[in-house]
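The values are calculated or read from the model by the stated rules, or taken from the named source; none is laboratory data. Please read all numbers here as calculations on a predicted model, not as lab measurements. Virtual Cβ from ideal backbone geometry, glycine too; neighbours counted across all protein chains shown. For accessibility, only protein heavy atoms count, side chains too; no ligands or nucleic acids. Shrake-Rupley method; radii C 1.70, N 1.55, O 1.52, S 1.80 Å.
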Amino acid sequence: MSRERIKRLGLSFLAVLIGLGLTPMLNANATTTPITRSRWPKPRVTYVIKGSRYYQNVYKAAIKSWNAKSRFKFVAGTKAHHQVTLSTSTGTRGAYYHLSGITYMTGYPNGYYTKARVLLLTRNLSRYHYSYSNRIHVAEHELGHVIGLKHSKAKNSVMNKDDRYYGISKADVAAVKLRYQLPVGEL
Ligand SMILES: [Zn+2]
(Lines give C-alpha, C1' and ligand atoms only; values in the text may rest on other atoms or scores of the structure.)
Protein backbone atom coordinates (compact mmCIF):
# COMPACT_ATOMS: atom_id res chain seq x y z
CA MET A 1 0.00 0.00 0.00
CA SER A 2 2.56 2.50 1.07
CA ARG A 3 4.76 1.56 -1.90
CA GLU A 4 1.91 2.25 -4.28
CA ARG A 5 1.32 5.57 -2.62
CA ILE A 6 4.95 6.59 -2.99
CA LYS A 7 4.96 5.59 -6.65
CA ARG A 8 1.88 7.67 -7.41
CA LEU A 9 3.34 10.62 -5.64
CA GLY A 10 6.49 10.18 -7.66
CA LEU A 11 4.52 10.19 -10.91
CA SER A 12 2.48 13.21 -10.08
CA PHE A 13 5.61 15.12 -9.16
CA LEU A 14 7.12 14.23 -12.50
CA ALA A 15 4.01 15.49 -14.30
CA VAL A 16 4.16 18.79 -12.45
CA LEU A 17 7.82 19.26 -13.27
CA ILE A 18 7.22 18.67 -16.99
CA GLY A 19 4.35 21.15 -16.89
CA LEU A 20 6.50 23.81 -15.31
CA GLY A 21 9.34 23.14 -17.68
CA LEU A 22 7.27 23.44 -20.82
CA THR A 23 5.13 26.45 -20.01
CA PRO A 24 7.84 29.12 -20.05
CA MET A 25 9.28 27.71 -23.29
CA LEU A 26 5.89 27.85 -25.01
CA ASN A 27 5.35 31.38 -23.73
CA ALA A 28 8.71 32.55 -24.99
CA ASN A 29 7.78 31.52 -28.52
CA ALA A 30 4.11 32.45 -28.58
CA THR A 31 3.97 35.65 -26.54
CA THR A 32 3.71 38.88 -28.48
CA THR A 33 4.16 41.82 -26.17
CA PRO A 34 0.67 43.02 -25.16
CA ILE A 35 -0.53 46.36 -26.59
CA THR A 36 -2.84 49.10 -25.32
CA ARG A 37 -6.12 50.10 -26.98
CA SER A 38 -4.84 53.65 -27.38
CA ARG A 39 -2.10 54.82 -29.70
CA TRP A 40 -0.69 57.95 -31.30
CA PRO A 41 -2.24 59.07 -34.62
CA LYS A 42 1.02 58.21 -36.41
CA PRO A 43 3.98 56.05 -35.32
CA ARG A 44 5.91 59.24 -34.61
CA VAL A 45 6.10 61.66 -31.67
CA THR A 46 8.13 64.77 -30.84
CA TYR A 47 9.98 64.94 -27.55
CA VAL A 48 12.06 67.13 -25.27
CA ILE A 49 14.54 65.87 -22.68
CA LYS A 50 15.13 67.57 -19.33
CA GLY A 51 17.63 66.68 -16.64
CA SER A 52 21.35 66.15 -16.18
CA ARG A 53 23.69 65.39 -19.06
CA TYR A 54 23.96 61.82 -17.73
CA TYR A 55 20.19 61.21 -17.96
CA GLN A 56 19.95 63.03 -21.29
CA ASN A 57 22.40 60.42 -22.58
CA VAL A 58 20.36 57.58 -21.03
CA TYR A 59 17.24 58.83 -22.85
CA LYS A 60 19.13 59.42 -26.10
CA ALA A 61 20.45 55.84 -26.06
CA ALA A 62 16.94 54.45 -25.45
CA ILE A 63 15.50 56.59 -28.26
CA LYS A 64 18.28 55.53 -30.61
CA SER A 65 17.53 51.85 -30.06
CA TRP A 66 13.73 52.19 -30.53
CA ASN A 67 14.27 54.34 -33.64
CA ALA A 68 16.75 51.83 -35.09
CA LYS A 69 14.77 48.67 -34.32
CA SER A 70 11.11 49.65 -34.71
CA ARG A 71 8.94 51.59 -37.13
CA PHE A 72 8.05 54.05 -34.36
CA LYS A 73 10.14 57.24 -34.43
CA PHE A 74 10.95 59.66 -31.62
CA VAL A 75 11.81 63.02 -33.21
CA ALA A 76 13.33 66.00 -31.34
CA GLY A 77 10.72 68.69 -30.76
CA THR A 78 11.02 72.24 -29.43
CA LYS A 79 10.24 73.74 -26.04
CA ALA A 80 7.03 75.15 -27.48
CA HIS A 81 6.03 72.14 -29.59
CA HIS A 82 6.44 68.61 -28.33
CA GLN A 83 4.22 65.70 -27.36
CA VAL A 84 6.48 63.80 -24.96
CA THR A 85 8.47 65.12 -22.00
CA LEU A 86 11.35 62.96 -20.78
CA SER A 87 12.70 63.95 -17.38
CA THR A 88 13.82 62.78 -13.95
CA SER A 89 12.63 62.89 -10.36
CA THR A 90 14.36 62.31 -7.04
CA GLY A 91 11.03 61.21 -5.49
CA THR A 92 11.01 57.94 -3.58
CA ARG A 93 7.66 57.97 -1.80
CA GLY A 94 4.00 57.36 -2.56
CA ALA A 95 3.49 56.28 -6.18
CA TYR A 96 7.27 56.29 -6.70
CA TYR A 97 8.01 53.82 -3.94
CA HIS A 98 10.10 50.93 -5.32
CA LEU A 99 9.75 52.09 -8.93
CA SER A 100 12.63 52.75 -11.31
CA GLY A 101 10.60 54.83 -13.74
CA ILE A 102 7.02 55.96 -14.34
CA THR A 103 5.06 57.09 -17.41
CA TYR A 104 1.94 59.25 -17.51
CA MET A 105 -0.13 59.05 -20.69
CA THR A 106 -2.80 61.61 -21.60
CA GLY A 107 -5.57 60.99 -24.12
CA TYR A 108 -9.06 59.56 -24.46
CA PRO A 109 -9.64 55.94 -23.42
CA ASN A 110 -9.50 53.76 -26.54
CA GLY A 111 -8.58 56.93 -28.46
CA TYR A 112 -5.44 58.75 -29.47
CA TYR A 113 -2.77 59.75 -27.03
CA THR A 114 -2.16 63.49 -26.94
CA LYS A 115 0.68 63.78 -24.43
CA ALA A 116 3.10 61.69 -22.39
CA ARG A 117 5.46 62.36 -19.54
CA VAL A 118 8.21 59.98 -18.44
CA LEU A 119 10.17 60.24 -15.21
CA LEU A 120 13.27 58.21 -14.39
CA LEU A 121 13.47 57.96 -10.61
CA THR A 122 17.13 58.75 -10.09
CA ARG A 123 17.33 58.20 -6.35
CA ASN A 124 15.74 54.75 -6.57
CA LEU A 125 17.96 53.81 -9.53
CA SER A 126 21.05 54.66 -7.50
CA ARG A 127 19.81 53.03 -4.31
CA TYR A 128 19.19 49.74 -6.13
CA HIS A 129 22.55 49.91 -7.92
CA TYR A 130 21.29 50.13 -11.50
CA SER A 131 24.20 50.27 -13.96
CA TYR A 132 24.25 52.72 -16.87
CA SER A 133 22.96 50.02 -19.23
CA ASN A 134 20.27 48.94 -16.70
CA ARG A 135 19.09 52.57 -16.70
CA ILE A 136 18.93 52.60 -20.50
CA HIS A 137 16.67 49.52 -20.31
CA VAL A 138 14.41 51.32 -17.82
CA ALA A 139 14.18 54.24 -20.29
CA GLU A 140 13.46 51.79 -23.15
CA HIS A 141 10.72 50.20 -21.00
CA GLU A 142 9.07 53.55 -20.29
CA LEU A 143 9.33 54.58 -23.96
CA GLY A 144 7.63 51.26 -24.75
CA HIS A 145 4.66 52.47 -22.66
CA VAL A 146 4.76 55.79 -24.54
CA ILE A 147 4.50 53.88 -27.85
CA GLY A 148 1.54 51.82 -26.60
CA LEU A 149 2.99 48.60 -25.16
CA LYS A 150 1.84 46.95 -21.96
CA HIS A 151 3.76 44.70 -19.58
CA SER A 152 4.90 41.33 -20.92
CA LYS A 153 5.59 38.16 -18.98
CA ALA A 154 8.22 37.07 -21.51
CA LYS A 155 11.56 37.00 -19.76
CA ASN A 156 13.55 38.69 -22.54
CA SER A 157 11.00 41.44 -23.23
CA VAL A 158 11.98 45.00 -22.38
CA MET A 159 8.37 45.30 -21.17
CA ASN A 160 8.87 42.69 -18.43
CA LYS A 161 8.35 44.81 -15.33
CA ASP A 162 10.62 42.70 -13.12
CA ASP A 163 13.76 42.81 -15.21
CA ARG A 164 16.49 45.37 -15.82
CA TYR A 165 18.84 43.31 -17.99
CA TYR A 166 17.03 42.89 -21.31
CA GLY A 167 16.65 45.40 -24.10
CA ILE A 168 14.09 45.51 -26.91
CA SER A 169 13.12 42.01 -28.13
CA LYS A 170 11.73 40.85 -31.47
CA ALA A 171 8.33 40.36 -29.80
CA ASP A 172 8.45 43.99 -28.62
CA VAL A 173 9.23 45.21 -32.15
CA ALA A 174 6.45 42.99 -33.58
CA ALA A 175 3.98 44.46 -31.08
CA VAL A 176 4.82 48.02 -32.18
CA LYS A 177 4.21 47.05 -35.81
CA LEU A 178 0.90 45.44 -34.88
CA ARG A 179 -0.25 48.40 -32.74
CA TYR A 180 0.25 50.83 -35.66
CA GLN A 181 -1.25 48.51 -38.29
CA LEU A 182 -4.47 48.33 -36.28
CA PRO A 183 -6.85 51.29 -35.97
CA VAL A 184 -7.01 53.03 -32.61
CA GLY A 185 -9.09 51.07 -30.08
CA GLU A 186 -8.63 47.76 -31.86
CA LEU A 187 -6.50 44.97 -30.46
ZN1 LIG B 1 6.02 49.46 -16.83
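A full extension of the chain between LYS73 and THR85 corresponds to an added length of 2.8 nm, given 0.36 nm per residue minus the alpha carbon distance. A cut-off of 5 Å between modelled amide H atoms, ignoring neighbours fewer than 5 places along the same chain, links GLY101 with LEU121. Compute the signed sum of charges (Lys and Arg +1, Asp and Glu -1) over the other residues within less than 14 Å, Cβ to Cβ, of SER100. So the surrounding residues net to +1.
Karplus-derived 3J(HN,Hα) values for region 153-163, using 6.51 cos²θ - 1.76 cosθ + 1.60 with θ = phi - 60°, are 8, 5, 5, 8, 7, 5, 8, 6, 7, 10, 9 Hz; glycine and proline are entered as x. Extending 7 Å from Cα along the Cβ direction at ARG123 and again at ARG53 yields two label points whose distance is 2.5 nm.
Taking a straight line from the alpha carbon of LYS177, these aspartates and glutamates sit under 18 Å away, with near neighbours fewer than eight places off in the same chain left out: GLU140, GLU142, GLU186. For region 44-181, the solvent-accessible area of protein heavy atoms averages 54 Å² per residue (probe radius 1.4 Å; ligands and nucleic acids excluded).
Between amide H atoms placed 1.01 Å from N, distances below 5 Å from LYS115 occur with THR106, all of them 5 or more places distant or on a separate chain.
For the cross-link pairs LYS50/LYS170; LYS69/LYS153; LYS115/LYS161; LYS42/LYS161; LYS42/LYS79, the ones whose C-alpha atoms lie over 28 Å apart are LYS50/LYS170.
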